[in-house]
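Scroll down for the structure; my scribbles are underneath it.
No lab work stands behind these numbers, since they all come straight from the coordinates. The model shown is predicted, which means the values in this text are computed figures rather than measured ones. Counting neighbours? That spans all protein chains shown, and the Cβs are built from the backbone with ideal geometry, glycine included.
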Amino acid sequence: MSDCCSVNAKSGSAPAVMACPTNGARSKRVDALTVKSLVRKLPLGMPNTQYYFCDASDCELVYFALDTEAPRFRREDLVVRVGAKETADPIPICYCFGFTRQDIWDEIGSTGKSTVGERIRAEVEAGHCACEVKNPSGKCCLGDVTRAARDGLRVVQDKTF
Ligand SMILES: [Zn+2]
């Protein structure tokens, strides 16, 4: 991604993990570009500060900053549903290629396995993903895909036995 029209916050000095001010969950750093891409309407005069992503399911807060004066963003402020915070379908897992948890579970239900992870991995290797500007975590979804597939397999097994 190019930095053509912004001066990025210096993240070098900010802690890698901060406690969410709402529920205290360990929250990892997120790139300013991710916040700017996914927040529906950015307030004017946002300070250049390090932002953090709270992925706790029981917390409405999504992004908060090292600078406590900086605006915080809640679920409804984002242009996408935050999969980690959703309990009702559709629960997005992969934001680049649009796979939901249901897609993964449906495939497991009909074929007994999930190929979503390998399909995404092939796209990632071809340079087709854009997690930085599409996924609220700013990170690759493959870990979440693996977890969703594992949960799906458990559900299918519970039904079978
Ligand atoms: Zn939180």
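Of the helices (runs of 4 or more DSSP H) lying entirely inside segment 54-161, those containing at least 3 residues that are over 20 Å from THR34 (Cα atoms) span 101-111, 116-125, 142-160.
Report yes if ARG81 is away from the ligand (no atom under 15 Å from the Cβ), crowded, with 18+ Cβ neighbours inside 10 Å, within 14 Å of the chain's Cα centre (by Cα) and under 30 Å from LYS159 (Cβ atoms), otherwise no. Even if it seems obvious, please write down each step before you answer.
On the way: away from the ligand (no atom under 15 Å from the Cβ): yes; crowded, with 18+ Cβ neighbours inside 10 Å: no; within 14 Å of the chain's Cα centre (by Cα): yes; under 30 Å from LYS159 (Cβ atoms): yes.
No.
The set of residues in segment 59-75 that are in contact with a Ser or Thr (Cβ under 9 Å, 6 or more places away or on another chain) and among the aromatic types (Phe, Trp, Tyr) comprises TYR63, PHE64. Scanning segment 36-83 for residues that are farther than 22 Å from GLY98 by Cα and among the aliphatic types (A, V, I, L, M) yields a count of 7. Listed by first and then second residue, the pairs linking a residue in segment 13-26 that is on the phi > 0 side of the Ramachandran plot to a residue that is among the aliphatic types (A, V, I, L, M) and not in a loop (DSSP other than H, G, I, E, B), with Cβ atoms under 8 Å apart and 6 or more places separating them unless they lie on different chains, form an empty list.
Do we have ALA56 as in contact with a Ser or Thr (Cβ under 7 Å, 6 or more places away or on another chain), within 16 Å of the ligand (Cβ to nearest atom) and not polar (S, T, N, Q) here?
On the way: in contact with a Ser or Thr (Cβ under 7 Å, 6 or more places away or on another chain): no; within 16 Å of the ligand (Cβ to nearest atom): yes; not polar (S, T, N, Q): yes.
Answer is no for this residue.
Scanning segment 37-78 for residues that are hydroxyl-bearing (Ser, Thr, Tyr) and closer than 18 Å to ASN23 by Cβ gives TYR51, TYR52, SER57, TYR63, THR68. In segment 12-46, the qualifying residues are those that are more than 16 Å from the ligand (Cβ to nearest atom) and of a type in the set (Lys, Arg), and the one that is nearest to the chain's Cα centre (by Cα) is LYS36.
Of all the criteria given as (1) surrounded by 15 or more Cβ atoms within 10 Å (Cβ to Cβ); (2) in contact (Cβ under 8 Å) with a residue 12 or more places away in the chain; (3) among the charged types (D, E, K, R), the one not satisfied by GLU123 is (1).
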